[in-house]
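The values are calculated or read from the model by the stated rules, or taken from the named source; none is laboratory data. Given the structure is predicted, the values throughout are model-derived calculations rather than measurements. Because the Cβ atoms are built from the backbone with ideal geometry, glycine has one as well, and the counts that use them run over all protein chains shown. Side chains included, ligands, DNA and RNA excluded: accessible areas come from the protein's heavy atoms. Shrake-Rupley method; radii C 1.70, N 1.55, O 1.52, S 1.80 Å.
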Amino acid sequence: MKKTDESSVVAEIGLVIYPDCQLAAIYGLTDMFRIAAEWAENISGEERKRTIRVSHWQIDAHSDHMVCVWDSHPDTAHRLSHVIAPPSLVVPAKMVPMKVPADWMSELYDAGVTLCSVCAGAFVLAETGLIDHRRATTHWAFAQTLSERFPSVDVAVENMVIDDGDIITAGGILAWTDLGLTLIEKVLGTGTMLATSRFLLIDPPRREQSTYSAFIPNFDHGDSQILRAQHHLHAHVAEHHSIESMSALASMTPRTFLRHFQKATGLRPTDYLQQVRIMKARDALELSNRSVDQIAWEIGYSDPSAFRKIFRKLTGVTPGQYRQRFGTRQHN
C-alpha cells in the first residue's frame, strides 16, 4: 500500500479482531472511514488531505499479545486514538474469555485512547472493568445477560449509542454504522459525516434502539403456576386482569404471586401485560390497515390516547411513525 503523509492522519482507529467477531463490521468500518476521508477532501477543498488511519489488531498465537495484522498506513509508528470491539457472531453465552484484548484495551485507555464497543463487543469492553458504575449499551437481546455477568455496569438498552467521550458504546449488531458515523463526525466534522451517510444511503446516527427491540417472553423458567398465568394473559390480552384474578389462576396469594411472577419473567404482571399488548399492536401496525384507535380497542385499551402514550414510551415512536417505518401494507 502506498505510504501516505503522516501529517494528514487526524486519528488512528484500531479494530479488535477477537474469536468469532463479526468481520463484516471490521471491513465495513474500514471502508466507511476510507469513504469519509474522500468526502472530507471534497467538502473542505483544502490542499492538505485529512484522513483516518485504520489498523486491525488480534491476538498473536505465539506471544499471546495483541499485534497489528493490517494497517491502512503502514511503516509509521502507531498513534491509536480510538479502539473498537466489534459485534460477535455468537451469543454471549458462547463467547470465550477476552482477557488479552481487555488488558490491552485497559492499557490504551490509561494512555488516553477512547474505547468503543458495538453490540456484544460490550462484553469485551466490560472485561476491562472500565464501564463499572457507568452507563453502557448493547444489543437489546443481550442486555439481561450483560447485567447478570457484569452487575456493576449500568446497562441502558434503550440507547443505540452512548457517548461518554472517553468510552462510546453502540447497541445493535449493525449499529457499527451508527458508531462509525459518530466517530466520523467527531474527527472529520458534521458535514463529512452527513456526506458519508448520504453516499452510503444510511441514516445519520440513531440514538435509540427501543423502536427495533422485541418483547421475548420467558416461558422456560420452570414455574408451572406462573406459566399458566402467562398463557392466560397471552390468550386473553384484551381482557381486564387484576392481581387477584391472576393469582387465583396460579393458585397463589396475591403477594406470593407477585414475587414468583417477577422472579420468573423479570417483570411485574402489569408491565408484562403492557409488553404483550404492545407486541400485538406492533404486529397489527405492520401487517394491517386498521386504524390506531381500532387496534387500541382490540388489545384492551379503552382510551386510545393512553395507548399512544404507552406505545411511545416503550418504542420511542408514535404508532403512526411506527407504521410508516415498518408497515408492509398500503394504507389510506
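Out of Met246, Met252, I need the residue that is touching a His at 6+ places or on another chain (Cβ under 7 Å) and of a type in the set (A, V, I, L, M). Which one?
Answer to the check: Met252.
Exactly one of (1) open to solvent by 50 Å² or more (accessible area, probe 1.4 Å); (2) within 23 Å of Glu185 (Cα to Cα); (3) modelled with pLDDT of 95 or more is unmet by Asp163. Its number?
All conditions pass for Asp163, except number (3).
For residues that are in a helix (DSSP H, G or I) and β-branched (Val, Ile, Thr), scanning just the range 182-222, find the one that is surrounded by the fewest Cβ atoms within 10 Å (Cβ to Cβ). Quick ask: steps written out before the conclusion?
Of all residues in the range 182-222, those in a helix (DSSP H, G or I) come to 182-188, 190-200.
Then drop every residue that is not β-branched (Val, Ile, Thr), which leaves 182, 184, 187, 190, 192, 196.
Values: Thr182: 21, Ile184: 28, Val187: 21, Thr190: 11, Thr192: 24, Thr196: 25.
Step by step, filter the range 182-222, then rank; the result is Thr190.
For the range 242-257, what are the residues that are in contact (Cβ under 8 Å) with a residue 24 or more places away in the chain, in a loop (DSSP other than H, G, I, E, B) and open to solvent by less than 40 Å² (accessible area, probe 1.4 Å)? Please lay out each step first, then the result.
Start the filter on the range 242-257 by keeping residues that are in contact (Cβ under 8 Å) with a residue 24 or more places away in the chain, which leaves 243, 250-252, 257.
Filter once more, so that each one left must be in a loop (DSSP other than H, G, I, E, B): 250-252.
Once the filter is applied, which keeps residues that are in contact (Cβ under 8 Å) with a residue 24 or more places away in the chain, in a loop (DSSP other than H, G, I, E, B) and open to solvent by less than 40 Å² (accessible area, probe 1.4 Å), the range 242-257 yields Ala250, Met252.
Can you name the residue in the range 315-332 that is modelled with pLDDT of 90 or more and assigned to a helix (DSSP H, G or I) and is also farthest from Val276 (Cα to Cα) among such residues?
Gly320
When only residues in the range 168-177 that are outside any loop (DSSP other than H, G, I, E, B) and open to solvent by less than 10 Å² (accessible area, probe 1.4 Å) count, which is nearest to Ser81 (Cα to Cα)?
Ile168
Going by the conditions given, is Glu239 touching a residue at least 60 places away in the same chain (Cβ under 8 Å), at negative phi and either part of a loop (DSSP other than H, G, I, E, B) or in contact with a Gly (Cβ under 7 Å, 6 or more places away or on another chain) (or both)?
The answer is yes for Glu239.
Considering only residues that are without any contact (Cβ under 8 Å) to a residue 40 or more places away in the chain, assigned to a helix (DSSP H, G or I) and buried (at least 17 other Cβ atoms within 10 Å of the Cβ), which ones fall in the range 285-303?
If the condition is that a residue be without any contact (Cβ under 8 Å) to a residue 40 or more places away in the chain, assigned to a helix (DSSP H, G or I) and buried (at least 17 other Cβ atoms within 10 Å of the Cβ), then Val292, Ile295, Ala296 are the ones that fit.
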